[in-house]
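Step one of this worksheet: look at the structure below.
The values are calculated or read from the model by the stated rules, or taken from the named source; none is laboratory data. Small disclaimer: the values here were computed from a predicted structure and weren't measured. Cβ atoms come from the backbone with ideal geometry, glycine included; neighbour counts cover every protein chain shown. Heads up: the accessible areas ignore ligands, DNA and RNA and are worked out on the full protein's heavy atoms, side chains in. Shrake-Rupley method; radii C 1.70, N 1.55, O 1.52, S 1.80 Å.
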Amino acid sequence: MGTRLQAPPVRDDGLLIGGSWRAAARSFERHNPARPGELVGRSAVATPEDVAAAYAAAHAAARPWRQTLQTQRGAILVRAAELIEQRVDALAAMLAAEEGKALRDARGEVRRAAAIFRFHGGESQQPIGEIYPSATAGTLLQAVREPLGVVCVITPWNFPIAIPAWKLAPALMYGNTVVFKPAEIASGTAVMLAELLQEAGLPDGVLNLLTGYGGELSTALLGAPELDGVTFTGSNAVGRQIAAAAAGAGVKTQLELGGKNPSVVLADADLERATGCITRSAMLSTGQRCTATSRAIVVDELFDELAQRLVDAAERLVVGDPLEEQTEVGPLSGPAQYEKVTTHMRGADGDGLQLATGGQPGDPAGGYFVTPTIYIDVDPRHPVATEEIFGPVLALIRARDEADAIRLANDTRYGLSASVFTSDLRSAMRCAAELQAGVVHVNGETAGAEPHVPFGGVKGSSSGSREQGKAAREFFTELKTVYIEDL
Ligand code: UN1
């Protein structure tokens, strides 16, 4: 037996509104997906009245917060980064217990969140606008960045701290106030993050946290008169509803949705590297990443050898309790995800897909575990090759040559990330240009995102401006053009 960390207890009066934690009439339970009988904690269920109170608080805090020096706002984020770094194990244990992410990945995610807060803290010292030459003598012509106003941040369960970090850090640094609605599953981590931001010095009302059920709150969250922008990461179905509601209300949106990310393997690829990268991107975090590799498109001459290597690598992965140090692949996040992934597996079975490994879910009473699963020679039109499964499931698709591989890779409504394995610079550049994706990796994993560069997709994967890095300011600020005349 390895060491086993425990998730720290967090408050269950989990609504932060105007700087105080409020009790709610109802609560829901969060269970450990590796042991469904084990209660991790309870979280408050916000009502539409709580949503209205949160927007009122965010609106009241907006003016003083935008008037706070940007460098002071940045300093609070740097303090938050330090506090996150001091609490890596406690936060990682919460992620692992409530969402099922293996501890080693959970720690990495927590450190990434700290890096994101630190990056945006540093960005507070960057220029806030531009000065243009004017056509009129004696005129000073500027374009300055101003905060958008009150922003609604809606985050998924699969990155319980990194995705909140990459939305909250720029939102706050650029002077916005926030109503934050995390996914139910990840509510414990969200409470810890909100408490930590209070401790770092965030004034009352600047960040308001509402836990509860998104579906019940959507009208209140998206119809609030104070709302200026909504940033969302999650499913395409919910994203479409948000886009429609926001368009009706004239609210700015940023949506990061699904992916069906391909790894293209060309004849001159380094097979060992391709095997490692594809295995990690497909299987770690139990495949629950919008950047996961879910299609490996492999040229004919390497197909059989790579398939064998991928199967061997998948079978070597340690599947188990996410709170144990040696675990590489934890359970799926809960019953809904288990149902979705196993429905795909049953469908694949019924359609006679060639199963090379995995495909045998355990009894969900013992945890929502599925073993890493690979189907080979998958028809590119089969749902396993077209639908976002969000589980440790990889479809291997055979291609004739580079051109055929690119065509197959692009034959999807998604376009988040893609990778290509080749040792030829010309092929690499051709593929980087031809692959329809917002992020392309050559000889690397489709998953992963460094905090200082733009992140986002094309086609059905994203809409609105990019997240992360300097690109984050496009969504979280507006430009005001100021003519100062007659100088
Ligand atoms: C990563 O691959 O590390 O929800 C980041 C997601 C993406 C983030 C992926 N928005 O999986």
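Among the residues of region 438-470, how many are in contact with a strand residue (DSSP E or B) (Cβ under 7 Å, 6 or more places away or on another chain), open to solvent by 20 Å² or more (accessible area, probe 1.4 Å), in a loop (DSSP other than H, G, I, E, B) and within 16 Å of the ligand (Cβ to nearest atom)?
Counting residues in region 438-470 that are in contact with a strand residue (DSSP E or B) (Cβ under 7 Å, 6 or more places away or on another chain), open to solvent by 20 Å² or more (accessible area, probe 1.4 Å), in a loop (DSSP other than H, G, I, E, B) and within 16 Å of the ligand (Cβ to nearest atom) gives 6.
Would you point out which residue out of ARG145, ARG112, ARG104 is over 26 Å from THR477 (Cα atoms), open to solvent by 10 Å² or more (accessible area, probe 1.4 Å) and in contact (Cβ under 8 Å) with a residue 60 or more places away in the chain? Reasoning before the result, please.
On the way: ARG145 fails: over 26 Å from THR477 (Cα atoms); ARG112 fails: over 26 Å from THR477 (Cα atoms).
The conditions single out ARG104.
Collect the residues in region 300-329 that are within 17 Å of GLY391 (Cβ to Cβ), open to solvent by less than 10 Å² (accessible area, probe 1.4 Å) and touching a strand residue (DSSP E or B) at 6+ places or on another chain (Cβ under 8 Å), keeping them in residue-number order.
Matches in region 300-329: LEU310, ALA314, THR327, VAL329.
Which members of region 238-261 meet the condition of being within 16 Å of the ligand (Cβ to nearest atom) and open to solvent by 10 Å² or more (accessible area, probe 1.4 Å)? Before the answer, list the steps.
Keep residues of region 238-261 that are within 16 Å of the ligand (Cβ to nearest atom), which gives 238-239, 242, 253-261.
Those that are within 16 Å of the ligand (Cβ to nearest atom) and open to solvent by 10 Å² or more (accessible area, probe 1.4 Å): VAL238, THR253, LEU257.
Which of the residues spanning region 196-224 are touching a residue at least 12 places away in the same chain (Cβ under 8 Å) and open to solvent by 40 Å² or more (accessible area, probe 1.4 Å)?
Here is the first cut: in region 196-224, the residues touching a residue at least 12 places away in the same chain (Cβ under 8 Å) are 196-214, 216-224.
Correct list: GLN198, GLU199, PRO203, ASP204, TYR213, GLU216, SER218, THR219, GLY223.
Looking only at region 372-403, which residues are more than 16 Å from ALA292 (Cα to Cα), open to solvent by 10 Å² or more (accessible area, probe 1.4 Å) and assigned to a loop (DSSP other than H, G, I, E, B)?
Listed by number, the residues that qualify are ASP377, ASP379, PRO380, ARG381, HIS382, ARG400, ASP401.
Among the residues of region 404-416, what is the count of those that are closer than 15 Å to CYS290 by Cα and open to solvent by less than 20 Å² (accessible area, probe 1.4 Å)? Break it down stepwise before answering.
At the first step, the residues of region 404-416 found to be closer than 15 Å to CYS290 by Cα are 412-416.
This time we only want the ones that are open to solvent by less than 20 Å² (accessible area, probe 1.4 Å), so: 414-416.
Summing the residues that are closer than 15 Å to CYS290 by Cα and open to solvent by less than 20 Å² (accessible area, probe 1.4 Å) in region 404-416 gives 3.
Which condition number in (1) in contact with a strand residue (DSSP E or B) (Cβ under 9 Å, 6 or more places away or on another chain); (2) more than 28 Å from GLN125 (Cα to Cα) is the one that PRO33 fails?
The single condition PRO33 does not satisfy is (1).
Among the residues of region 61-68, is any assigned by TED's automatic domain parsing to the domain that holds TRP157, surrounded by fewer than 18 Cβ atoms within 10 Å (Cβ to Cβ), touching a helix residue (DSSP H, G or I) at 6+ places or on another chain (Cβ under 7 Å) and in contact (Cβ under 8 Å) with a residue 24 or more places away in the chain? Let's see the steps before the verdict.
Of region 61-68, the ones assigned by TED's automatic domain parsing to the domain that holds TRP157 are 61-68.
From the residues that got through so far, the ones that are surrounded by fewer than 18 Cβ atoms within 10 Å (Cβ to Cβ) too are 63-64, 66-68.
Filter once more, so that each one left must be touching a helix residue (DSSP H, G or I) at 6+ places or on another chain (Cβ under 7 Å): none.
Scanning region 61-68, I find no residue that is assigned by TED's automatic domain parsing to the domain that holds TRP157, surrounded by fewer than 18 Cβ atoms within 10 Å (Cβ to Cβ), touching a helix residue (DSSP H, G or I) at 6+ places or on another chain (Cβ under 7 Å) and in contact (Cβ under 8 Å) with a residue 24 or more places away in the chain, so the answer is no.
Find the strands (runs of 3 or more DSSP E) located wholly in region 126-207 whose residues include 1 or more that are in the same structural domain as ALA115 (by TED's automatic domain parsing) and of a type in the set (D, E, K, R), and list them. Before the answer, list the steps.
Working: elements: 129-132, 140-147, 150-155, 177-182.
Filter on region 126-207 gives 129-132, 140-147, 177-182.
Do any residues in region 475-487 that are within 12 Å of TYR132 (Cβ to Cβ) have Cβ atoms under 8 Å from those of residues that are open to solvent by 90 Å² or more (accessible area, probe 1.4 Å) and assigned to a helix (DSSP H, G or I), where the two are at least six apart or on different chains, and which pairs are they?
No pair meets every condition.
Quick one: which residue in ASP401, ASP411 is modelled with pLDDT of 95 or more and over 26 Å from the mean Cα position of the chain (by Cα)? Please lay out each step first, then the result.
Numbers: ASP411 fails: over 26 Å from the mean Cα position of the chain (by Cα).
Answer to the check: ASP401.
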